[in-house]
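Here the structure is laid out as structure tokens; the discussion comes afterwards.
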Amino acid sequence: MAAARLEVPLLALQMGRVLEKWVGSSEQRLDAAISTAESSAPCVLLIDELEKTVGSLQSNESGGPGPQLLARLLDWLSTEQRPPVYVVATANSLDGLPTELWRAGRFDHKFYVGLPSGEACLEILASRLSAFGKPVSMRSVKDWAGTKLDGYSGADIDALVREAADIALRRRRGSPEPADFEAVWTDGFAPQSKQWGAKYATGSEKLKEHKFVNAGDAAHVSTPPTRTARKPEAVRTDSDYWAAGGKMPNWVRFRVGGYDYTIEMNPFNNTAKISKPRDLTFNQPLVATVRGASTGVLLTVHPPLPQGLGLPQNFMLVPRHDTGEAREWDVDFERWDA
């Protein structure tokens, strides 16, 4: 969801595929994974089940590369000048996670997803029942489920619906009804969230200790400012030269979205070379085709950059005024007078 909202690629780091038995191979594979993420920036990097991924790296009983990999990963997470790779990590438990993981600067925000409220449980149940082909309202579910779902997790409700659906199938019905759910409860169905109540209570204390925020309150948490900007700033150019279609600057330097770009014009083939920002790595060189127009210079960037880097594929260089040999230029992202 985070990648979809940001409109950037989603990558997953699977530590099991990084570990190798050969000396030095694991470290190289982790460095390659990090380089891949940085070259895809901006992107979202997902580390799923962090307690298994990172927790397993702490052991040094067999003389393996685990501690070295953990140190390398933590060092990368702490790097302030790394490309915009948004790391999202999930965990089912905080047990076994190293304390240094919680050091300030490694994860900007920490959220926990608690058990849904009673109303939310009824909504989940109504949604699952509607999947059988007949729309079910939360009000109708509340009439017979009441508060029986309090303390359930989403997975518990899914398991409950599966059990009731099995009973409905044996009774030759296409979808479960309230009587089927009553039969499941009569058989002694108990949600895992209630069976593990003591463990959840202990986990809640750890969440408070490490200052986790309820995901339901995430709207109140400040978010880092985006690096996308609509208008370039600090535009600098040098003298013009004559080319087909009119005058063009030799070079243009500007800043947008937190990144510095320099465009160097080539007067011989109507192309331009675009310098890569220092804090980003791209697999391909950036170039632009250039053609003159009555209102300025048209540029088309190849290959197109991912959204979030501030530089659109098509934009214009527009002269401010003409004073003989000297001319000042503006970089305009909103005009494309083709």
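Here, each number is a calculation from the coordinates, and none is a lab measurement. As the structure is a prediction and not an experimental result, all values here were calculated from the model. Using ideal geometry, Cβ is built from the backbone for each residue, glycine included, and neighbour counts are taken over all protein chains shown.
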Point-to-point label distance, ASP48-HIS109, nm (Cα→Cβ direction, 7 Å offset): 2.2
Cut-off 11 Å between beta-carbons: net charge of the residues surrounding VAL161, Lys and Arg +1, Asp and Glu -1: -3
Estimated inter-spin distance, SER127 and ASP75, nm [label 7 Å along Cα→Cβ]: 4.3
Radius 11 Å from Cβ of PRO191, net charge of other residues (Lys, Arg +1; Asp, Glu -1): -1
Cβ-derived FRET efficiency at R0 51 Å, PHE333 paired with THR186, nearest 0.05: 0.20
Gain on full stretching of the segment that runs from LYS208 to THR271 - 0.36 nm per residue minus C-alpha separation: 17.0 nm
